[in-house]
Amino acid sequence: MQYRRLGKAGVKVSALSFGSWVTFGNQVNMDVAKDCMYHAYESGINFFDNAEVYAAGRSEEVMGKIISEAAWNRDSFLVSSKVFWGGDGPNQLGLSRKRVVEACHAALKRLRVDYLDFYFCHRPDKNTPMEETVWAMHNLIQQGKVLYWGTSEWSAQEVQEAMMVARENHLIGPSMEQPQYNMFVRNKVEVEFNKLFRDYGYGSTIWSPLASGILTGKYNNGVPEGSRLTMDDLTWLREKVLTEQNIHKVIALQKIADDLTTSVANLAMAWCLKNEHVSTVITGSTKLSQLQENLKSMDVVEKIDTSVMEAIEAVLDNKPEMPQY
C-alpha cells in the first residue's frame, strides 16, 4: 500500500480507502462486512469512509461494531462521517449549527469512536449562512470531536467562500473535497478544482472510481441480478450511467486492460490514482473477493505510461479543456 498526504495536511491516507455506501446495512450482512473491513485493514488501508445517510445510519452502526470488536489502535486508522441528510424533520436537514453538532454526536455514537478524523459537509446548504457552518465545524475541531473537516460535492466557488470566512475570522477552514471522479466524470476534479488543488493544497477523497460498476464490465450484457443498479432507489443512477455509449467505451477499454494483463476495473482505478491531485480512491465491495481484486489496482498504476494514457484518452474522447492561468 502507498500513503499520500491529504492535500497540504500532515495526515496521510492510504492510496486506496474503503467506503460503505449502499453496502453496509443494506447489500451485505455483518459477516461479509467484517471480512472486508479486516482484509482492508490488514492490506494497509487506513481510511474508512461513511455517512449518516448511508442506510439511514445502519452503515455507521455496522462499521462501528466492527471497529469496536477489532480493537485496532486508534492511531492506525481514519474514519469519516458526513452531515446533511438526517431525517424528515425541519431541523434534520442541512448544515445549521444545530444539525452539524447533533449529527456529529450521533455519528460518534454509531461509529463507537471518540472523534472523527474527517467530517464532511455532504452537500452545500443554501439556507444556512456560510459563517454558521464554518463556525460549527471549527468549534467541533476545537472540542476534539473532529480533526479535519471537508466538503462533498461543493462547487469550487462555495469552497472558496468557506475558506474566506475561515480566514477572515481566524477559523479552521475545510481542507478536502470528496467528489465523484472516474473515466466518465472528470470536469470537477481536472478543471473546476484545479486551482484549489494546485494553489491551496486542497485534498481529495474521490468516490465512484468505477462509475457505479459500469467500469467493471459486468453491465456490458445487461444488468446482473443482485447488482446495485437493480435497487429501486438507484433507478436514477442506472438511467444516468448505463448508456450505450459508455458500454461501447468499456468494451474498448477492456482491450487495453488485456494488453496490460489486468481487468478493466483495475485499469479504471489505477487511472484515477495517476492523477496527482487524488489523495485517495474510495473503493467498496459486496464480497471479499471483490475487494481483493480491487487491491490489485495498485500494481497497475506504474503500467500506465504515456502511450497507455494516450490510448485510454482516445477511447474516452472526453478530456476536459484545462483552464488557462
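Scanning residues 5 or more positions from residue 206 or on other chains, those with amide H under 5 Å from its amide H are 279, 280, 282, with H placed 1.01 Å from N in the peptide plane. Put +1 on the Cβ of each Lys and Arg and -1 on the Cβ of each Asp and Glu in the range 20-134; which of 92, 79, 46 then has its Cα farthest toward the positive end of the dipole? Positive-most Cα among the choices belongs to 92. The Cα center of the range 66-112 and the Cα center of the range 186-222 differ in position by 24 Å.
Each residue of the range 7-15 was assigned a 3J(HN,Hα) from its phi angle through the Karplus curve 6.51 cos²θ - 1.76 cosθ + 1.60 (θ = phi - 60°); the sequence is x, 8, 5, x, 6, 10, 10, 5, 4 Hz, with glycine and proline shown as x. Cα convex hull, the chain: 133 Å³ per residue, rounded to a whole number.
Do you know the relative contact order of the range 44-106, to the nearest whole percent, from alpha carbon pairs under 8 angstrom that are 6+ apart? List each step's numbers first, then the result.
Values: 67 pairs, mean separation 21.1, N = 63.
So the answer I get is 34 percent.
The peptide list 288-298, 75-85, put in order of mean Cβ contacts within 10 Å with the highest first, becomes 75-85, 288-298. What the phi angles of the range 174-183 give under the Karplus curve with 6.51, -1.76 and 1.60, with θ = phi - 60°, is a coupling list of x, 10, 7, 10, 10, x, 6, 8, 6, 4 Hz, glycine and proline written as x.
When every Cα-Cα distance of the range 132-202 is counted in 5 angstrom steps from zero, the calculated P(r) takes the values 3, 16, 27, 23, 15, 10, 4, 2, 0 percent. Taking each of 145/319; 12/34; 12/195; 255/287; 145/296; 12/303 in turn, the alpha-carbon distance tops 29 angstrom for 145/319; 145/296.
Database remark: amide H of residue 116 closer than 5 angstrom to the amide H of 146, 147 (H placed geometrically; neighbours at sequence offset of 5 or more, or on other chains; Pro and chain starts carry no H).
In whole angstrom, how long is each semi-axis of the equivalent ellipsoid of the range 12-134, when you take the square root of 5 times every eigenvalue of its Cα gyration tensor and sort them from largest down? Walk me through the numbers on the way to the answer.
On the way: eigenvalues 138, 47, 28 Å².
Semi-axis lengths for the range 12-134 are 26, 15, 12 Å.
Peptides 162-168, 268-274 ranked from most to least packed give 268-274, 162-168, packing being the mean of other C-beta atoms within 10 angstrom over each peptide's residues. A protection proxy built from the mean count of other Cβ atoms within 10 Å ranks the segments 39-45, 49-55, most packed first, as 49-55, 39-45. Since only 10, 217, 286 are under comparison, the one whose Cα sits farthest along the positive direction of the charge dipole of the chain, derived from C-beta charges on Lys, Arg, Asp and Glu, is 10.
Taken together, the values in this text are just the output of simple stated rules run on the coordinates, not laboratory data. Just so it is clear, the model here is predicted, and its values are computed rather than measured. We place every Cβ from the backbone using ideal geometry, glycine too, and count neighbours over all the protein chains shown.
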